[in-house]
Every structure is written in C-alpha cells, then in structure tokens.
Amino acid sequence: MTAAKTPMQDVSRRLLSHERSETGTSAAFSVFDKLRPRLATFLGKAGVAALLSRSIALAGKELPWLRAVLVLPDGSMQAPDDMPRKSADALLGEVLLLAHLLNLLVTFIGANLTMQMIHEIWPSLSLDGPIKGEPK
C-alpha cells in the first residue's frame, strides 16, 4: 500500500491529523477507541478483534514492527513499550494501520457506509484542502 497512495490513506492521514489536534495524544489508538463501539454493534467484539488483527497483519507486511501490536479480546489494542512513538516511521504505521482497517470496512460494508460512519463520529472532519501539519 505504501508504493501507491490509496484514497483511504488520504482519509487516514486526515482523520489522524484531526484526532491529534483534538486530543494531543496517540491519534491511532484514540481513533480506534472511537471506532470500536460503532463497529461492535454490527460485528461484535470478536469481529472487531478479528478486523483489527487482520489490519495489523496487512500493515505488518510493510512495517514489521507493527506485528508486535496486540489486539485484546474486547477489540482494544495494546502497543509494546518499545514501539516507535513520534518518529516518521510511527506516523506511517498509524496511517497504514488505519488505512488497512478502512479498506477492510469498505470491502465488508461498502464505501458509503464506511464514510457515513466516519462523518457521524467526526462531524467536523474535513476531507478537502491541505492536511494539518503536512506540507501543501
């Protein structure tokens, strides 16, 4: 997925940038924590855990350190202590992990429902214009 930028990578970058500006903390885990309850309503906790595990497996092919992220039975994730936190590699890992999750959702429920869910959770998220914190 890194060789060719996908539409979901752009959505992921925007979503992570938006969440980072809102929380000031690890954007990826915050995004997943907000998505998890919505996903659990139609997938169940085991389904969410499976979807996240698959996302980690796919992203881990591109960034092997992502394979150390654990998915707990309730669908939450646990990062290893030695995981990169603020490097360019860490930011790329967040984008890849979320993009793979969103691509899987598009496959299972379609692009319209996936984007509707994103807009319901993050109504102020802009999908147009430059991304905060990135060069224009």
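The values are calculated or read from the model by the stated rules, or taken from the named source; none is laboratory data. Everything numeric in this text was worked out from a predicted model, so none of it was measured. Virtual Cβ from ideal backbone geometry, glycine too; neighbours counted across all protein chains shown. Side chains included, ligands, DNA and RNA excluded: accessible areas come from the protein's heavy atoms. Shrake-Rupley method; radii C 1.70, N 1.55, O 1.52, S 1.80 Å.
General observations
- Among the residues making up the range 40-70, a single one is outside any helix (DSSP H, G or I) and surrounded by 19 or more Cβ atoms within 10 Å (Cβ to Cβ): 69.
- Put simply, of 80, 37, 73, 7 the only residue that is within 17 Å of residue 125 (Cα to Cα), surrounded by fewer than 17 Cβ atoms within 10 Å (Cβ to Cβ) and either modelled with pLDDT under 90 or out of contact with any Gly (no Cβ under 7 Å at 6 or more places or on another chain) (or both) is 7.
- Residues in the range 98-116 that are part of a helix (DSSP H, G or I) and open to solvent by 10 Å² or more (accessible area, probe 1.4 Å): 100, 103, 104, 106, 107, 108, 109, 111, 112, 113, 115, 116.
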